[in-house]
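A quick write-up on the structure given underneath.
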Amino acid sequence: MIKKILINGALMIGAIALALLGAELVFRRMAPRFYMDAQSIYQYMSYEPTRQLADYWTFRPSSTIRQVSIYQYACQPPDLEYDMHFTTNDLGLVQKHDFVPGAPALAVLGDSFTQGMGVAPWFYGFEEDAATIMPGGWQTLDFGLQGWGTTDWHTIVVHHGKKLNIRKALFIMIAPDWTRKSHRLTERLIACAKPGAKCNTANAGPEPFGYVPLDRPIADILEPIRNWTQAVPHDWLTCLSGYLMRHSVLYHYYRAPDLAPATLPSVPEGHVKAFADGTSMMRAMTGRLGQGNVAFVVVNTLHEAHKGDYLDETKRILRELRESAAGPVVTCWLEKSDFKHIDRHPNERGYARIRACAAGSLRRLFAR
């Protein structure tokens, strides 16, 4: 009797294990890790990397800036997602060339995908591409910054376009950009990126966001995070959760509502007004620049790459852009392998695809 119970129990445990393994394999193939594990991230930047202007923000002008992103789960070693250095021009934009007052400008309007978050900026190479496509005397201005969307783009084109002499615009967008409000830097965020700043009020561990010198070895950044993880006692359930958070996509979905509910894919029906506002601002920008002076590159997100198709909201944006006939519309499809492991941004190959799409769109824009 006992032997039969043990055998049945073992079979049940084995069946559950196989079911979980099968679900994990399905989720790894079909489902994305579509959020950034906000509670497990450490982000560091070099001294005062940004500045908040009256109605938009940029990086610090004419500077070299460092950004580091690290993920760390309970009882697990820290994972370095990226450690990047980049330079800015005299306007605080992520590009090589300084602004030339009076020269006709192509404004490239985007978000962190255009900024090149997580790798060496692809825009440096695109500047050279643009120089061979545009007539002599033109310049490119990279208004692709983290968190930007139609509201910030509208600010640049409508309120600063004349001063910057913006004649044409290339929009590089993902669907969330259409409904984004203006991205403002908080005073706390700016203050935390200074030497000696103490912004971690939750516990005595390493700062989750703060300052890092340009020349500090990455090993010296990882060590205090690793030491803090080892010093804090954890029960076996917490350690198991940390292991699964690091390795299991299925477990990510189980924990997703607790970890980052704000970053789950949006439901289009919940964005009616925001979508209408984005549409209105986009029409104002294209109307100001004039038909034939704008072009669009629509890039898919990691979630869409896993789905194998654009979300309904992206399809709605594409219909709006094509029906407006304001300028050429290029779809730039990235595969799952074109994105980083944890972070939702593209990797080097993904950014290379975006650069190629942008160059192709630019040729169509200047061929009109």
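The values are calculated or read from the model by the stated rules, or taken from the named source; none is laboratory data. Just so we're clear, the structure is a prediction, and the values are computed from it rather than from any experiment. Neighbour counts are summed over all protein chains in view; Cβ atoms, including those assigned to glycine, are modelled from backbone coordinates with ideal geometry.
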Requested in this report: Residues being among the hydroxyl-bearing types (S, T, Y), out of contact with any Lys or Arg (no Cβ under 9 Å at 6 or more places or on another chain) and either closer than 19 Å to V294 by Cβ or in a loop (DSSP other than H, G, I, E, B) (or both): count how many of those fall in region 111-157.
Outcome: 3
Report summary line: Flagged in region 106-145 as in contact with a helix residue (DSSP H, G or I) (Cβ under 9 Å, 6 or more places away or on another chain), closer than 20 Å to G161 by Cα and either of a type in the set (F, W, Y) or surrounded by fewer than 18 Cβ atoms within 10 Å (Cβ to Cβ) (or both), in numbering order, are P135, W138, F143
Query raised in the report: Among the residues of region 98-109, is there at least one that is in contact (Cβ under 8 Å) with a residue 60 or more places away in the chain and within 16 Å of the chain's Cα centre (by Cα)?
Result: yes
Report task. Identify the residue in region 278-320 that is surrounded by fewer than 22 Cβ atoms within 10 Å (Cβ to Cβ), over 18 Å from I354 (Cα atoms) and aliphatic (A, V, I, L, M) and, among all such residues, is modelled with the lowest pLDDT. Result -> L311
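Check whether at least one residue in region 324-340 is surrounded by fewer than 17 Cβ atoms within 10 Å (Cβ to Cβ) and over 30 Å from D83 (Cα atoms), and report yes or no. If you could, list the steps in order and put the result at the bottom.
The first filter runs over region 324-340 and keeps only residues surrounded by fewer than 17 Cβ atoms within 10 Å (Cβ to Cβ), leaving 325, 331, 333, 335-337.
Narrowing the set further to residues that are over 30 Å from D83 (Cα atoms) leaves 325.
Checking region 324-340: at least one residue is surrounded by fewer than 17 Cβ atoms within 10 Å (Cβ to Cβ) and over 30 Å from D83 (Cα atoms).
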Requested in this report: With respect to T155, determine if the residue is surrounded by fewer than 19 Cβ atoms within 10 Å (Cβ to Cβ) and among the β-branched types (V, I, T).
Outcome: no
**Report entry** Residues being over 13 Å from T279 (Cβ atoms), among the hydrophobic types (A, V, I, L, M, F, W, C) and not in a loop (DSSP other than H, G, I, E, B) - total across region 309-348
**Finding:** 4
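Being out of contact with any Ser or Thr (no Cβ under 9 Å at 6 or more places or on another chain) and either outside any helix (DSSP H, G or I) or surrounded by fewer than 17 Cβ atoms within 10 Å (Cβ to Cβ) (or both) is the filter here, so list the residues in region 349-358 that pass it. Outline the logic, then answer.
Start the filter on region 349-358 by keeping residues that are out of contact with any Ser or Thr (no Cβ under 9 Å at 6 or more places or on another chain), which leaves 351-353, 355-356.
Scanning region 349-358 gives A352, A356.
Among the residues in region 261-276, are any among the β-branched types (V, I, T), out of contact with any helix residue (DSSP H, G or I) (no Cβ under 8 Å at 6 or more places or on another chain) and modelled with pLDDT under 90?
Narrowing region 261-276 to residues among the β-branched types (V, I, T): 263, 267, 272.
Now drop any that are not out of contact with any helix residue (DSSP H, G or I) (no Cβ under 8 Å at 6 or more places or on another chain), which leaves 267, 272.
Those still in the list that are modelled with pLDDT under 90 too: 267, 272.
Within region 261-276, one or more residues are among the β-branched types (V, I, T), out of contact with any helix residue (DSSP H, G or I) (no Cβ under 8 Å at 6 or more places or on another chain) and modelled with pLDDT under 90.
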**Report entry** Output for region 42-66, where each listed residue is closer than 18 Å to R184 by Cα and modelled with pLDDT of 95 or more
**Finding:** P61
